[in-house]
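Asks: One structure coming up, written as structure tokens, with questions to follow.
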Amino acid sequence: QKWVRAMGVRAAGHAGRFARDVVGAALGRAPVVVDPFCGVGTVLAVANRLGLDAVGVEKNRKRAEDARALTVRADEV
């Protein structure tokens, strides 16, 4: 497994797949995905890619900004 000096969905290929599985469990059951400790926003970005609304809470301002900007490509989910 290759790790790079970055954070978010591109840092480790399995992060996007894990988030997809977690978010996928909410499909059809939850109108909004809530991530109370969203970090850089991987779960939120995956939820958005899958067509779900998502709300995240992050104490660290830089990470919150990163989460707001994070998007994922279809091949990352």
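Laboratory data are not the source of any read-out in this text; all were calculated from the coordinates shown. Since this is a predicted model, take the numbers as computed values, not measurements. Here the Cβ positions follow ideal geometry from the backbone for every residue, glycine too, while neighbour counts run over all protein chains shown.
Asks: Could you line up Arg49, Arg29 from fewest to most neighbouring Cβ atoms inside 10 Å? The partial results should precede the final answer.
Replies: Values: Arg49 20, Arg29 6.
Lowest to highest Cβ neighbour count: Arg29, Arg49.
Asks: Treating the beta-carbon of each Lys and Arg as +1 and of each Asp and Glu as -1, no other charges, what is the dipole magnitude of the range 13-76 about its Cα centre, to the nearest 20 debye?
Replies: On the way: 10 positive and 8 negative charges, 22 e Å.
Once rounded to the nearest 20, the dipole reads 100 debye.
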